[in-house]
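Okay, so here's the structure we're looking at.
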Amino acid sequence: MLKKILTTVCTVLAAAYLFLAVTAFNRKPAGRVCEDLELVIRDTVYAGFITQKEVISLLDKSGLNPVGKNPDATDTRAMEQALAQHPLIDGVECYKTPSGKVCVEVSQRIPILRIMSNNGENYYVDNRGKVMPVSAKCIAHVAVATGSISQDFATRQLYPFGLFLQNDAFWNAQTEQIHVLPDNTIELVPRVGDHLIYMGKLKNYRRKLERVRLFYEKALNQVGWNKYSRINVEFDNQIICTRREQ
């Protein structure tokens with residue numbers, strides 16, 4: 001009987017201790033303030049549009065900078081919504097740490113093409129197929145698309161082609177310019193070699209460019225990269241080359 005009573009008392013005391021310990025651990029000091037804002041800007045290798053100074057300035061203008069304020073009063077959802085309004089920000093995540101620090105992670109929009117159309121339009125297309133303003137300062141190499149380009153053609157036809165070029169190490173390095181002719185056929189201006197690559201319509205562009213790459217390896221490496229002025233891969237299973245005039 002005595003043993004059972006002692007066991008019960010010990011259990012009650014242990015439960016009380018755990019309750020007090022958890023309560024003490026979770027108790028937040030009265031009058032504490034956020035002393036630091038941890039800010040991470042992602043994708044700076046590909047784009048340098050947004051700086052930490054600009055993000056803090058946006059929070060200041062919105063009255064949402066948490067530094068110097070009680071963390072309990074910090075509305076991280078409102079911070080996310082305010083920053084997401086910026087046209088060059090792709091995504092935002094804000095959260096608090098147990099120590100009272102507020103963390104902000106910003107993802108930038110990444111350009112994949114620079115459009116310079118015959119109609120005077122000048123803009124970027126980003127990795128989601130959306131138009132970005134030309135005022136954005138791109139620090140990474142992107143292919144330039146020129147010629148007869150409407151925004152619809154840029155975001156629907158050129159966009160997936162631009163993604164392919166960006167994700168293919170060889171063609172990302174080799175493509176200098178994409179030129180769109182009035183009939184929506186495509187010419188590529190390569191970085192290496194004094195020739196044009198005529199692709200015709202963008203249909204089956206992966207297979208077309210693979211044929212060109214193999215032609216580079218098996219033929220141009222032997223005869224010279226400036227032997228031809230034009231390489232035509234418009235039609236399946238053939239390559240038509242135009243010799244350069246002497």
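Summary of values
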quantity	calculated
Residues of region 211-236 classified as loosely packed, with under 13 Cβ neighbours inside 10 Å and in contact (Cβ under 8 Å) with a residue 12 or more places away in the chain, total	3
3 or more residues closer than 22 Å to Val142 by Cα and of a type in the set (Gly, Ala, Ser): qualifying strands (runs of 3 or more DSSP E) within region 163-240	none
Close pairs (6 angstrom Cβ cut-off, 6 or more residues apart or separate chains): within 25 Å of Pro98 (Cα to Cα) in region 34-59, modelled with pLDDT of 75 or more and small (Gly, Ala, Ser) anywhere	Cys34/Gly100; Arg42/Ser107
Ala169 vs. criteria among the aliphatic types (A, V, I, L, M), under 24 Å from Trp225 (Cα atoms) and touching a helix residue (DSSP H, G or I) at 6+ places or on another chain (Cβ under 7 Å)	no
Conditions (1) closer than 30 Å to Phe170 by Cα; (2) of a type outside the set (S, T, N, Q); (3) modelled with pLDDT under 95; number of the one not met by Glu93	(1)
Residues of region 227-246 satisfying the condition of being hydroxyl-bearing (Ser, Thr, Tyr) and within 16 Å of Val192 (Cβ to Cβ)	Tyr228, Ser229
Given (1) modelled with pLDDT of 90 or more; (2) over 20 Å from Phe49 (Cα atoms), index of the condition Pro98 fails	(1)
Selection from region 91-121 of residues that are polar (S, T, N, Q), over 20 Å from Glu35 (Cα atoms) and either buried (at least 18 other Cβ atoms within 10 Å of the Cβ) or out of contact with any Lys or Arg (no Cβ under 8 Å at 6 or more places or on another chain) (or both)	Gln108, Ser117, Asn118, Asn119
Hits in region 81-90 - residues which are surrounded by fewer than 18 Cβ atoms within 10 Å (Cβ to Cβ) and either part of a helix (DSSP H, G or I) or modelled with pLDDT of 85 or more (or both)	Gln81, Ala84, Gln85, His86
Some residue of region 147-160 being of a type outside the set (D, E, K, R) and in a strand (DSSP E or B)	yes
Total residues in region 181-210, condition crowded, with 17+ Cβ neighbours inside 10 Å and among the charged types (D, E, K, R)	2
Qualifying residue in region 189-210 (condition: among the basic types (Lys, Arg), under 15 Å from Glu176 (Cα atoms) and in contact with a helix residue (DSSP H, G or I) (Cβ under 8 Å, 6 or more places away or on another chain))	yes
Residue in region 163-171 that is at pLDDT below 90 and touching a Leu at 6+ places or on another chain (Cβ under 6 Å) present	no
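The values are calculated or read from the model by the stated rules, or taken from the named source; none is laboratory data. Quantities reported herein were computed from a predicted structural model and do not represent experimental measurements. Cβ: placed from backbone, ideal geometry, glycine included. Neighbour counts: every protein chain shown.
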